[in-house]
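Asker: Mind having a look at this structure? Questions to follow.
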Amino acid sequence: MPYVFPPLPPAAVPVAGRAHELFPVHRIYCVGRNYAKYAIEMGGSGRDAPFFFTKPADAVLPVPAGAVGQMPYPPQTHDLHHEIELVVAIGKDGFEIPAALAMDYVWGYAVGLDMTRRDLQIEARRMGGSWCTAKGFDHAAPIGPIYPISQTGPLQEGEIWLNVNGAKRQRSNIDKLIWNVPDTIEQLSRFFELKQGDLIFTGSPEGVAEVQEGDLLEGGISGLGELRVMIWPRMAAGFSPDPEPMRRR
Ligand code: MN
């Protein structure tokens, strides 16, 4: 049966080393407070159970290898924060997946940014409201190419870092995740049937802070390349990131 108007193509992310293939995004799940020092920074004890939230699939801002992504400064905030994160790409459907089998469901990994309107998040916390405007806004999930696990093998440790305008902001190791990737998949898949194309942002280490228009964010994880994003002027109606982003000089 025809649609009443043409549906948008699915959100998609480039794949490292495969210039002619894209990873189609089904959903974006995120883990909150998954590094002890970050949890303390956010006012927790460092031992709180992590929890989940989501962003719309089309919040991805895919950044090809060697490019600089263009993220417009979002509306309705004066406190946009960076959170550098390991992203897990799911390649197989599954429900109530035991941790011991969870790695069979991982298609690959990427470097991502869980961009956050922190002022709206703090207000939502205070009012007991939802995080969707704080976390789920347009272009809120910049992400680099997905590296297939067939190439990387399972990642248990590796430096994770973020610089802003060349200055160090976040520096940790993914071995400091409170819930590692198999644990996260086990827990998340109790709440949702995971599907091919799901992305899981696994949580940010300490050092999250504000960014401004014109800032250059450069982050990475050992073995997964680097992600570069420039914060562009405040979003105007109809903003669409340049389909061929600036190449790195
Ligand atoms: Mn986060």
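The values are calculated or read from the model by the stated rules, or taken from the named source; none is laboratory data. Not measured: the values here are computed from a predicted model. Glycine also receives a Cβ, built like all others from the backbone with ideal geometry; neighbour counts cover every protein chain displayed. Surface accessibility is based on the protein's heavy atoms, side chains included, excluding ligands, DNA and RNA. Shrake-Rupley method; radii C 1.70, N 1.55, O 1.52, S 1.80 Å.
Asker: For region 1-34, which residues satisfy the criterion of being open to solvent by 80 Å² or more (accessible area, probe 1.4 Å), in contact with a helix residue (DSSP H, G or I) (Cβ under 8 Å, 6 or more places away or on another chain) and either under 17 Å from residue 201 (Cβ atoms) or not small (Gly, Ala, Ser) (or both)?
Answerer: 8, 10, 27
Asker: While we're looking at this one, here's another question. Starting from region 125-150, take each residue that is more than 17 Å from residue 58 (Cβ to Cβ) and list its partners that are assigned to a helix (DSSP H, G or I) and more than 13 Å from the ligand (Cβ to nearest atom), counting only C-beta distances under 7 angstrom and pairs at least six apart or across chains.
Answerer: Taking only residues 6 or more apart or on different chains, the pairs are 130/124; 131/124; 134/120; 134/124.
Asker: Looking at (1) part of a loop (DSSP other than H, G, I, E, B); (2) within 13 Å of the ligand (Cβ to nearest atom), can you tell me which one residue 155 breaks?
Answerer: Among (1) part of a loop (DSSP other than H, G, I, E, B); (2) within 13 Å of the ligand (Cβ to nearest atom), residue 155 violates only (2).
Asker: Quick one: count up the residues across region 139-191 that are in contact with a Pro (Cβ under 8 Å, 6 or more places away or on another chain), open to solvent by 10 Å² or more (accessible area, probe 1.4 Å) and hydroxyl-bearing (Ser, Thr, Tyr).
Answerer: Going through region 139-191 one residue at a time, the tally reaches 1.
Asker: Being over 13 Å from residue 61 (Cα atoms), within 16 Å of the ligand (Cβ to nearest atom), in a strand (DSSP E or B) and of a type in the set (A, V, I, L, M) is the filter here, so list the residues in region 5-38 that pass it.
Answerer: If the condition is that a residue be over 13 Å from residue 61 (Cα atoms), within 16 Å of the ligand (Cβ to nearest atom), in a strand (DSSP E or B) and of a type in the set (A, V, I, L, M), then 31 is the only one that fits.
Asker: Next up: If you take the residues in region 49-59 that are open to solvent by less than 50 Å² (accessible area, probe 1.4 Å) and away from the ligand (no atom under 12 Å from the Cβ), which one is farthest from residue 148 (Cα to Cα)?
Answerer: Restricting to residues being open to solvent by less than 50 Å² (accessible area, probe 1.4 Å) and away from the ligand (no atom under 12 Å from the Cβ), the top hit is 59.
Yes/no matrix, rows are residues, columns are (1) closer than 13 Å to residue 113 by Cα; (2) open to solvent by less than 20 Å² (accessible area, probe 1.4 Å); (3) in a strand (DSSP E or B); (4) at pLDDT 95 or above:
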| site | (1), (2), (3), (4) |
| --- | --- |
| 214 | no, no, no, yes |
| 217 | yes, yes, yes, yes |
| 220 | yes, yes, yes, yes |
| 223 | no, no, no, yes |
| 231 | yes, yes, yes, yes |
| 234 | no, no, no, no |
| 237 | no, no, no, no |
| 242 | no, no, no, no |
| 245 | no, yes, no, no |
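Asker: Find all pairs meeting these conditions: Cβ atoms under 6 angstrom apart; at least six residues apart or on different chains; first residue within region 195-206 and on the phi > 0 side of the Ramachandran plot; second residue more than 13 Å from the ligand (Cβ to nearest atom) and in a loop (DSSP other than H, G, I, E, B).
Answerer: Going by the 6 Å Cβ cut-off, the qualifying pairs are 197/25; 197/26.
Asker: Does region 83-103 contain any residue that is more than 21 Å from residue 196 (Cα to Cα), open to solvent by 20 Å² or more (accessible area, probe 1.4 Å) and among the basic types (Lys, Arg)? Steps first, answer last, please.
Answerer: We begin by selecting, within region 83-103, every residue more than 21 Å from residue 196 (Cα to Cα); these are 83-84.
Applying the additional criterion that residues be open to solvent by 20 Å² or more (accessible area, probe 1.4 Å) yields none.
Checked against the condition, which is being more than 21 Å from residue 196 (Cα to Cα), open to solvent by 20 Å² or more (accessible area, probe 1.4 Å) and among the basic types (Lys, Arg), region 83-103 yields no hits at all.
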